[in-house]
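> Let me begin by handing over the structure; questions about it come next.
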Amino acid sequence: MEYTGMWPVKLIVSLALVLLLMSAPMGLAAEVPETSGERFSDELPDIGEGPAMVVLPRGDFMMGSPESEPGRWVDETPRHERIMDRDIAMSRDPVTVADFERFVDDTGHETLAEKGPARSCRIHDREWQWGEGLSWREPGIEQEADHAVVCVTWEDAQAYVDWLSDQTGASYRLPSEAEWEYAARAGEETGRWWGDDMEANRANCLDCPSDWDGRGTSPAGTFEPSGFGLRDMLGNVFEWTEDCWNDSYADAPEDASARLEGDCDHRVTRGGAWFTGEAQVHAAYRDFQAVDYRSYLVGFRVVRELD
């Protein structure tokens with residue numbers, strides 16, 4: 001064999017790569033079901049399982065609200081067709097306190113609500129104010145492990161999805177605004193996946209009505225899932241999305257990708273929450289918050305790429 005003079009270098013590089021792979025978490029991505037509506041969870045090394053994920057079907061839908069829809073807001077226009085042409089799964093529930101705690105325990109992540117002089121979370125106590133010393137651990141409402149985590153910023157949510165991706169070897173992220181609305185509508189053209197009118201025990205908001213009205217977040221599984229198998233898409237907590245804020249859909253992309261131009265210091269939140277009225281609890285409703293905003297009304301859910 002001809003001596004090239006390079007084998008010692010190649011050997012060192014090879015050994016370095018082996019050591020790097022040995023020190024990194026093993027990708028434990030689950031085998032994904034091919035049928036929409038099926039659930040799966042990715043395994044987290046030595047920790048347990050990630051959030052329960054639901055495979056979404058491909059399709060198209062009309063994004064935004066028609067003029068006839070009750071509770072319509074001007075930023076829900078112009079109504080336009082969006083195409084869901086990618087294979088994704090979405091978490092069945094908003095990320096729970098237990099889900100987020102596994103992340104914090106593994107990484108030592110400190111949320112903005114827990115840091116330095118900012119130590120606070122937005123709450124309502126006779127008026128809206130910053131609740132000093134409140135965070136996802138103690139948000140000012142009673143919560144158990146299966147409640148949606150709150151008092152987390154958009155940046156905290158990004159840290160969580162980055163960690164999920166590293167742990168599993170799969171690609172996790174926040175949903176785009178279009179993906180979120182597509183999932184919230186669950187194939188229906190009405191204002192809510194169950195119809196246009198609010199019905200009892202469908203969602204958790206201030207006047208939905210349900211046993212949880214105005215009390216705080218409700219446990220995962222309290223309400224019936226949508227036709228896509230997702231829970232709490234409407235009500236319970238507002239959910240962060242990937243999109244920068246724009247006050248209309250003018251010049252929005254035709255596919256379901258996130259809109260990453262506009263006011264990117266503020267990101268779109270969706271879905272309404274336990275302390276908002278039913279007018280905010282419809283599939284087309286849009287709101288926005290600064291990326292460092294944290295409130296006991298705001299949480300998030302995740303998307304996993306499948307293709």
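> Return the only residue of Ser165, Ser135, Ser120 being touching a Phe, Trp or Tyr at 6+ places or on another chain (Cβ under 7 Å) and either among the charged types (D, E, K, R) or within 21 Å of Trp274 (Cβ to Cβ) (or both). Quick ask: steps written out before the conclusion?
Values: Ser165 fails: either among the charged types (D, E, K, R) or within 21 Å of Trp274 (Cβ to Cβ) (or both); Ser135 fails: touching a Phe, Trp or Tyr at 6+ places or on another chain (Cβ under 7 Å).
The match here is Ser120.
> Since Arg86 meets every condition but one in (1) surrounded by 20 or more Cβ atoms within 10 Å (Cβ to Cβ); (2) modelled with pLDDT under 95; (3) of a type in the set (Lys, Arg), which condition does it not meet?
The failed condition is (1).
> Has segment 272-283 got any residue that is surrounded by fewer than 20 Cβ atoms within 10 Å (Cβ to Cβ), modelled with pLDDT under 95 and touching a Phe, Trp or Tyr at 6+ places or on another chain (Cβ under 8 Å)?
yes
> From Gly59, Gly48, Gly71, Gly64, grab the single residue that is loosely packed, with under 15 Cβ neighbours inside 10 Å and either modelled with pLDDT of 95 or more or touching a Gly at 6+ places or on another chain (Cβ under 8 Å) (or both).
On the way: Gly48 fails: either modelled with pLDDT of 95 or more or touching a Gly at 6+ places or on another chain (Cβ under 8 Å) (or both); Gly71 fails: loosely packed, with under 15 Cβ neighbours inside 10 Å; Gly64 fails: loosely packed, with under 15 Cβ neighbours inside 10 Å.
Sole residue among the options that is loosely packed, with under 15 Cβ neighbours inside 10 Å and either modelled with pLDDT of 95 or more or touching a Gly at 6+ places or on another chain (Cβ under 8 Å) (or both): Gly59.
> Here's a follow-up. Can you work out which of the residues in segment 88-113 that are over 17 Å from the mean Cα position of the chain (by Cα) and assigned to a loop (DSSP other than H, G, I, E, B) is farthest from Cys151 (Cα to Cα)?
The residue in question is Gly108.
> Now for a separate question. Just to be sure before I move on: is Arg82 basic (Lys, Arg), touching a residue at least 24 places away in the same chain (Cβ under 8 Å) and touching a Lys or Arg at 6+ places or on another chain (Cβ under 9 Å) in the structure I sent? Full working, then the answer.
On the way: basic (Lys, Arg): yes; touching a residue at least 24 places away in the same chain (Cβ under 8 Å): yes; touching a Lys or Arg at 6+ places or on another chain (Cβ under 9 Å): no.
It is false that Arg82 is basic (Lys, Arg), touching a residue at least 24 places away in the same chain (Cβ under 8 Å) and touching a Lys or Arg at 6+ places or on another chain (Cβ under 9 Å).
> Using beta carbons and a limit of 6 Å, which pairs, at least six apart or on different chains, have the first residue in segment 140-157 and under 16 Å from Thr222 (Cα atoms) and the second one in a helix (DSSP H, G or I)?
So the pair list comes out as Gln143/Val97; Ala145/Val97; Ala145/Ala98; His147/Val97; Val149/Val97; Val149/Phe100.
> Taking Asp93, is it in contact with a strand residue (DSSP E or B) (Cβ under 9 Å, 6 or more places away or on another chain), acidic (Asp, Glu), buried (at least 16 other Cβ atoms within 10 Å of the Cβ) and under 26 Å from Leu306 (Cα atoms)?
Numbers: in contact with a strand residue (DSSP E or B) (Cβ under 9 Å, 6 or more places away or on another chain): yes; acidic (Asp, Glu): yes; buried (at least 16 other Cβ atoms within 10 Å of the Cβ): yes; under 26 Å from Leu306 (Cα atoms): yes.
Yes; evaluated as a whole, the condition is true for this residue.
> Here's a follow-up. Take the residues in segment 115-154 that are in contact with a helix residue (DSSP H, G or I) (Cβ under 8 Å, 6 or more places away or on another chain) and farther than 23 Å from Asp232 by Cβ; name whichever of them is surrounded by the most Cβ atoms within 10 Å (Cβ to Cβ).
Residue satisfying both the conditions and the ranking: Ser120.
The values are calculated or read from the model by the stated rules, or taken from the named source; none is laboratory data. Note that the coordinates shown come from a computational prediction; the quantities given were computed from them, not determined experimentally. Neighbour counts are summed over all protein chains in view; Cβ atoms, including those assigned to glycine, are modelled from backbone coordinates with ideal geometry.
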